[in-house]
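Participant: Take this structure first; my questions come after.
The values are calculated or read from the model by the stated rules, or taken from the named source; none is laboratory data. Since the model is a prediction, treat every value here as computed from it, not as a measurement. Using ideal geometry, Cβ is built from the backbone for each residue, glycine included, and neighbour counts are taken over all protein chains shown. These accessible areas exclude ligands, DNA and RNA; they are computed on the full protein's heavy atoms, side chains included. Shrake-Rupley method; radii C 1.70, N 1.55, O 1.52, S 1.80 Å.
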Amino acid sequence: MARIAGVNIPTNKLVLIALTYIHGIGNTKARQIVDKIGIPETRRVNQLSNDEVLMIRELIDREYSVEGDLHREVAINIKRLMDLSCYRGLRHRRGLPVRGQRTHTNAHTRKGPAKSIAGKKKVTK
């Protein structure tokens, strides 16, 4: 099992697919990495030599922000927005959708499960 950028990537998958298991690398960046190093797209991770894995690791460390560094960078950007008290920062602070989605219905991914509001109790005669 190859370990790249602190992530164990699956061995039986294609290199293009396996690289997307790293946070911050999607299909496009995975294809760029494979093209720069010159690995065929049909190659699987378990067929890579130690030198190729080392080249991938060094390329990612040198040119891309991934995993912990990327998480930290995103968290700093969100904290900056919250400190500025701009609209997006306020939405982050309140745990509401940031990019203009509606909140009357839906938005339960950000808001959490629905909270029932206690209504009037019926008076029985």
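Participant: What angle, in degrees between 0 and 90 and rounded to the nearest 10, separates the Cα long axis of helix 67-84 from the longest principal axis of the Cα atoms of the chain?
Facilitator: That helix lies at roughly 30 degrees to the long axis.
Participant: So how strong a dipole does the chain carry about its Cα centre when Lys and Arg Cβ are +1 and Asp and Glu Cβ are -1, to the nearest 20 debye? Could you put the intermediate results ahead of the total?
Facilitator: Details: 25 positive and 11 negative charges, 370 e Å.
Dipole about the Cα centre, nearest 20: 1780 debye.
Participant: Report the residue, chosen from ALA114, ALA75, ALA30, that carries the largest GNM mean-square fluctuation when the chain is represented by alpha-carbon nodes joined by springs under 10 Å.
Facilitator: Greatest mean-square fluctuation among the candidates belongs to ALA114.
Participant: Could you name the lysines whose alpha carbon sits less than 16 Å from that of LYS122, not counting residues in the same chain fewer than 8 places away?
Facilitator: Those lysines meeting the cut-off do not exist here.
Participant: Still on this structure: Using a 1.4 Å probe over the heavy atoms of the protein chains, calculate the carbon and sulfur portion of the accessible area of the chain as a whole percent. Write down the numbers at each step before the final one.
Facilitator: Values: 4800 of 9350 Å².
Percent of accessible area from carbon and sulfur atoms in the chain: 51.
Participant: List every residue whose amide H lies under 5 Å from the amide H of HIS23, counting only residues 5 or more places away in sequence or on a different chain, with H placed 1.01 Å from N in the peptide plane.
Facilitator: So HIS23 has HN proximity to GLU67.
Participant: Let me ask you something else. Angle, helix 27-37 long axis vs. longest principal axis of the chain, Cα atoms, 0 to 90°, nearest 10?
Facilitator: 20 degrees
Participant: Then there's this: Once phi is turned into ³J(HN,Hα) by the Karplus curve 6.51 cos²θ - 1.76 cosθ + 1.60 with θ = phi - 60°, what whole-Hz value does each residue of the range 52-60 show in order, with x for glycine and proline?
Facilitator: Per-residue couplings from phi come out as 5, 4, 5, 5, 4, 4, 5, 4, 5 Hz.
Participant: Right, here's the next one. Can you list the residues, at least 5 places off or on another chain, whose amide H is less than 5 Å from the amide H of ALA2, using H built in the peptide plane?
Facilitator: ILE9
Participant: May I ask for the Rg/Rh ratio of the range 48-114, computed from Cα atoms with Rh as the Kirkwood radius, given to two decimals? The partial results should precede the final answer.
Facilitator: On the way: Rg = 18.5 Å, Rh = 14.9 Å.
Rounded to two decimals, Rg over Rh is 1.25.
Participant: P(r) tail for the chain, what percent of Cα pairs lie past 24 Å?
Facilitator: Numbers: 4043 of 7750 pairs.
Tail of the P(r) past 24 Å holds 52 percent of the pairs.
Participant: What does the accessible area per residue of the range 55-125 come to in Å², with a 1.4 Å probe and no ligands, DNA or RNA counted? Intermediate values should be presented prior to the final figure.
Facilitator: Numbers: 6250 Å² over 71 residues.
Result: 88 Å² of accessible area for each residue.
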